[in-house]
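The values are calculated or read from the model by the stated rules, or taken from the named source; none is laboratory data. These numbers come from a predicted model, not from an experiment. Cβ coordinates were reconstructed from backbone atoms using ideal geometry, including for glycine residues, and neighbour counts include every protein chain displayed. With ligands, DNA and RNA removed, areas are computed over all heavy atoms of the protein, side chains included. Shrake-Rupley method; radii C 1.70, N 1.55, O 1.52, S 1.80 Å.
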Amino acid sequence: MDFLSLPYLAFYGKSLLFALIGILPIINPLASAPLFVDYTRGLSDEARARLARRIGHSVMVLLSCAMVMGSYVLDFFGVSLPAVRIAGGMVVASIAWRMLGAQQVTSDDATQMVHALTEDKAIIKAFYPLTFPLTCGPGSIAVAIAIGASLHTRRGVPETLFNMAGGLTAAVLLGLLVSFTFRYSSRLLHRLGETRKIVFLRLMAFLLLCVGVEIIWNGVQALVTPLLAGAAAS
């Protein structure tokens, strides 16, 4: 059997595009870049670059695990996707609310932050909250789990393998995109100026709050709709 034949390559390409189109609008590293800059304003460029690479790697691993094992893990613990959406949405909304109500950093506060925020402390935050839930939140994980479940097919093991290879390649590309965007986010935001950057950060925090509320609402709808349908049928 020729695994490099056109049909198998088509399976790979379609799965790659399917995963990218499904996850990229949700993960949206451009929207998370101002939050990354705000969290790491006390770090040097080299430390910020290392942290960006770590976050990109964590995003890649998280999406890959969600695609391959997500549905099995949820089934094992008896947890539904709506429950994941509600819990994750609450975390996202709480973080966004704190950022929205945060006071503007003065020059003295910024100086203290430079001394207080070391690279070791930033590395601790690399996964939570910088990777999860700010960059790769419950919405992205839920979509990755759903995509991984849809990539499994009963038409044969080779097709499933090529489908999963395409999805995992998409996860790698998304991780690289996150790393690259965060690496150069400070340069992009520097051109905005301090006042416009503060406005932009507040706007992104508000949009993140809206995303958290939307994730919670989607989870509630998924839980309540079957109950309402059952009550109407009876």
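Scanning the range 185-204 for residues that are at pLDDT 75 or above and small (Gly, Ala, Ser) turns up 185, 186.
Only one of the numbered conditions (1) open to solvent by less than 70 Å² (accessible area, probe 1.4 Å); (2) under 16 Å from the mean Cα position of the chain (by Cα); (3) under 30 Å from residue 223 (Cα atoms); (4) not acidic (Asp, Glu) is not met by residue 56, and that is (3). Output yes when any residue across the range 150-169 is assigned to a helix (DSSP H, G or I), of a type in the set (Val, Ile, Thr), farther than 29 Å from residue 86 by Cα and open to solvent by 40 Å² or more (accessible area, probe 1.4 Å), and no when none is. Among the residues of the range 150-169, at least one is assigned to a helix (DSSP H, G or I), of a type in the set (Val, Ile, Thr), farther than 29 Å from residue 86 by Cα and open to solvent by 40 Å² or more (accessible area, probe 1.4 Å), which makes the answer yes.
Let's see how each residue does on (1) open to solvent by less than 20 Å² (accessible area, probe 1.4 Å); (2) in contact with a Leu (Cβ under 9 Å, 6 or more places away or on another chain); (3) assigned to a helix (DSSP H, G or I); (4) farther than 23 Å from residue 201 by Cα:
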residue: 10; (1), (2), (3), (4): no, no, yes, yes
residue: 15; (1), (2), (3), (4): yes, yes, yes, yes
residue: 21; (1), (2), (3), (4): no, no, yes, yes
residue: 51; (1), (2), (3), (4): yes, yes, yes, no
residue: 61; (1), (2), (3), (4): no, no, yes, yes
residue: 73; (1), (2), (3), (4): no, no, yes, yes
residue: 89; (1), (2), (3), (4): yes, no, yes, no
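The numbered conditions (1) within 27 Å of residue 89 (Cβ to Cβ); (2) modelled with pLDDT under 80; (3) of a type in the set (A, V, I, L, M, F, W, C) are all true for residue 143 except (2).
Each row is one residue, and each column tells you yes or no for (1) in contact (Cβ under 8 Å) with a residue 24 or more places away in the chain; (2) open to solvent by 70 Å² or more (accessible area, probe 1.4 Å).
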| site | (1), (2) |
| --- | --- |
| 200 | yes, no |
| 206 | yes, yes |
| 212 | yes, no |
| 216 | yes, no |
| 226 | no, yes |
| 233 | no, yes |
